[in-house]
Amino acid sequence: MSEFAVAVAGLRTPAVVAGDGALAGPVPTPGPAGAEPAQAVRVWRRAQTRALEGFAAAAAFPWLEPWAGPRLSALTGAVEQARGAVARRVDPRELLTAACVAALPVPVGLRDGLPACAGSWGVDGEWLLLEAWMRWQSACAEGEARVADCVRAASAAVYEAFGRRRKARDEALDSVQRLITASIDQAWRLAEEEYAEPVHLVQMALPLLETEPFTGREHDPLTFWQAGVIAVHQRGIDWSSGRVTVAAPRAVSDLLLGG
């Protein structure tokens, strides 16, 4: 297929806006109001990718403007409705709390807080608590679950370390839970401080969805957390350059830019 054919393929049938964020045509429709946030993100990102590719095609072939212009206008409108569907399903306070979790320093002195039975765990207790905490922090940064629910990632570290052994496993899980609870309280305090500060204005390039060459599976370079931040805090988008402007608390913008 020629470069021209590839460039215009995504614009042959414009997306049609129908109702509350529903996109007809080749762009999948989001589910009802109670649909999973991840599904709404997928719909939005697919439409957004089509728009970015469409503007790139229009720039490469300027004489397409009379034909592509109305299609791009309809598509960007559909993208905005899909973004709104994501923003309504994502809690900005959870986004900020997750950013504050990512900013927490690695806990120290964990050996001092180990229970008396830690010697029977079969693994180094300090190492296990640190491994569990780091898995929790990483899961929070992904943003696919509430910060409090990400404790499941920490618990998984305990189950893997103990294997089939059950002796003292519950005590290890309790120790992990206490550590995570204390860290959540710390993150909440940081989040409250961030809410009192002015928002931070940043710009970033929007990555396109990627398709694996052999399996055809779709991959999003953005994590769910990153996509949620852009959907909630977007203040503008320059389609020609593919850059979005985001106004968010500093902890959020720092994490968004990889700081």
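Key figures
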{"quantity": "For His200, solvent-accessible area (1.4 Å; no DNA, RNA or ligand), Å²", "calculated": "50 Å²"}
{"quantity": "Segment Trp63-Val123, length gained on full extension (0.36 nm per residue, minus Cα span)", "calculated": "14.9 nm"}
{"quantity": "Between the stretch 215-240 and the stretch 94-117, the alpha-carbon center distance in angstrom", "calculated": "29 Å"}
{"quantity": "Exposure rank, largest accessible area first [Met204, Met134; 1.4 Å]", "calculated": "Met134, Met204"}
{"quantity": "3J(HN,Hα) from dihedral phi, the stretch 106-114, Karplus parametrisation 6.51/-1.76/1.60, rounded to Hz, x for glycine, proline", "calculated": "4, x, 10, x, 5, 5, 5, x, 6"}
{"quantity": "Trypsin sites (Lys or Arg not before Pro) restricted to the stretch 200-259 and DSSP loop, no more than 10 other C-beta within 10 Å", "calculated": "Arg217"}
{"quantity": "Accessible area in the full protein assembly, largest first, 1.4 Å probe, for Asp170, Asp124", "calculated": "Asp170, Asp124"}
{"quantity": "Residue of Arg71, Arg164, Arg111 that the Gaussian network model of the chain assigns the largest fluctuation, springs spanning Cα pairs under 10 Å", "calculated": "Arg164"}
{"quantity": "Two-decimal Rg/Rh across the stretch 33-79, once Rg and the Kirkwood Rh are taken from alpha-carbon atoms", "calculated": "1.13"}
{"quantity": "Sulfur and carbon atoms: percent of accessible area, the stretch 155-245 [1.4 Å]", "calculated": "50 percent"}
{"quantity": "Two-site label geometry, Asp112 and Ala182: point separation in nm, points 7 Å out along Cα→Cβ", "calculated": "0.9 nm"}
{"quantity": "Solvent exposure, largest accessible area first (probe 1.4 Å, DNA, RNA and ligands not counted), of Phe162, Phe214", "calculated": "Phe214, Phe162"}
{"quantity": "Rg and Dmax [Cα atoms of the stretch 172-259; Å; Rg one decimal, Dmax integer]", "calculated": "17.2, 53"}
{"quantity": "Estimated distance in nm for a label pair at Arg250 and Ala205, the labels positioned 7 Å out from Cα along Cα-to-Cβ", "calculated": "2.7 nm"}
{"quantity": "Amide proton proximity set for Arg235, modelled H, under 5 Å, gap of 5+", "calculated": "Thr245, Val246, Ala247"}
{"quantity": "Extended-chain gain in nm, criterion 0.36 nm per residue less alpha-carbon gap, Ala56 and Glu160", "calculated": "32.7 nm"}
{"quantity": "Average silhouette area of the chain, convex hull of alpha-carbon atoms, in square nanometres", "calculated": "17.0 nm²"}
{"quantity": "Computed lengthening from Arg146 to Ala196, 0.36 nm per intervening residue step minus Cα-Cα distance", "calculated": "15.8 nm"}
{"quantity": "Ellipsoid semi-axes in whole angstrom, largest first, where each is sqrt(5λ) of the Cα gyration tensor of the stretch 39-125", "calculated": "52, 15, 11"}
{"quantity": "Solvent-accessible area per residue, Å², over the chain with all protein chains present [probe radius 1.4 Å]", "calculated": "52 Å²"}
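The values are calculated or read from the model by the stated rules, or taken from the named source; none is laboratory data. Every value quoted in this text rests on a predicted model; they were computed, and no experiment measured them. Note: ideal-geometry Cβ built from the backbone for every residue, glycine included; neighbour counts use all protein chains shown. For accessibility, only protein heavy atoms count, side chains too; no ligands or nucleic acids. Shrake-Rupley method; radii C 1.70, N 1.55, O 1.52, S 1.80 Å.
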